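Colleague: One structure coming up, written as structure tokens, with questions to follow.
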Amino acid sequence: MPEQDILPTTEPACKKKGAPIITVEHASKTFPNGVAALQDVNVTVCKSEVVVIIGPSGSGKSTLLRCLNGLEEIDSGHITIDDIRLNGNKKNRDIIRQEVGMVFQSFNLFPHLTVLDNVNLAQKLVRKRDDKEATDTSMDLLNKVGLGDRAASYPSQLSGGQQQRVAIARALAMHPKVMLFDEATSALDPEMIGEVLEVMRALAKDGMTMVLVTHEMGFAREVGDRIIFMEHGQVIESATAEAFFENPGEERTRAFLSQIL
Ligand code: ADP
Ligand code: MG
């Protein structure tokens, strides 16, 4: 085989997990202010895989996640999720938004709605479920995140960790095929981080496909099948969690890890 045919790709093939469900090919995005937030990014995520994105502030992690659920659009390249191409077509974008759940650093719950109504809302509006069907789903998920007894509470009556668990239940209620977490524990007091990570850990164990940005390196190593390191809008390295932390291939990855570990 000629040498150019066996060049290593930066993306390991889907080995122990399922077929690819997310493919990002040569994706670039420059904001109107001239910031090149994504530069020729290539990422493949397989079904049931947990991919952790790490990198310095401003490296494009949030932009990548936001492009994956259609909150931002790339300027060039391709993003395909579950065989649906995000290509500026509004119908496709609406489907992707239903299939891709996202949890943010700020919980974004509606303060004037109870926990139950927060989790019910999109199910009724978007999925057109009736009250009973939505409530059954919500209660099931609230029990799963350990908050079945807080369904009638308002967000302001909950701790940050509890609010974030409601936000996760709300995203799961749409039955997404992929869950994105953007620094889901960064706004929490230290004693509440564990309870949110526990919910994320259980989801990963259940086989949910997850892409997450986190500063919790212990968690990344434990739960991540693969770690992607980004800098200046580029994917610098993508490796199994073990290889990434034990033996990073890139000097820039080593420099970053030596600062934070
Ligand atoms: P990270 O999540 O890794 O900290 P972001 O994806 O938020 O990085 O940002 C990547 C770069 O794009 C940063 O330089 C940031 O300032 C810039 N950026 C992000 N969002 C916008 C926006 N809406 N308009 C202009 N610049 C933005
Ligand atoms: Mg960010």
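Where a number appears in this text, it was derived from the coordinates with a stated rule and is not lab data. Remember, predicted model here, so these are calculated numbers, not experimental data. Counting neighbours? That spans all protein chains shown, and the Cβs are built from the backbone with ideal geometry, glycine included.
Colleague: Please list, ordered by chain and number, the residues whose modelled amide H lies under 5 Å from the amide H of V50; skip anything fewer than 5 residues away on the same chain.
Modeller: Amide H neighbours of V50: M210, D225, R226.
Colleague: Turning to a different aspect of this structure: I'd like the per residue volume of the convex hull spanned by the Cα atoms of the chain, given in cubic angstrom.
Modeller: 147 Å³
Colleague: What's the center-to-center distance, using Cα atoms, between region 51-86 and region 168-224 in Å?
Modeller: 18 Å
Colleague: Please identify, among S48, S28, S57, the residue showing maximal mean-square fluctuation in a Gaussian network model of the chain using a 10 angstrom Cα cutoff.
Modeller: Among S48, S28, S57, the largest GNM mean-square fluctuation belongs to S57.
Colleague: Using only DSSP helix segments of four residues or longer, with each worth -39500 (n - 2.57), what per-residue ellipticity at 222 nm results for the chain after dividing by its residue count and rounding to 500?
Modeller: After summing the helix terms and dividing by residue count, I get -11000 deg cm²/dmol.
Colleague: Once the principal axes of the Cα atoms of region 146-193 are found, what is the range along each, listed largest first in whole angstroms?
Modeller: The Cα atoms of region 146-193 stretch 30, 26, 16 Å along the principal axes, largest first.
Colleague: Using a Gaussian network for the chain with springs between C-alpha atoms less than 10 Å apart, which of these wobbles most: M217, M179, M200?
Modeller: M217
Colleague: If Lys and Arg each add +1 and Asp and Glu each add -1, what is the summed charge of the other residues whose beta carbon sits under 12 Å from the beta carbon of E195?
Modeller: Charge balance in the 12 Å sphere: -1.
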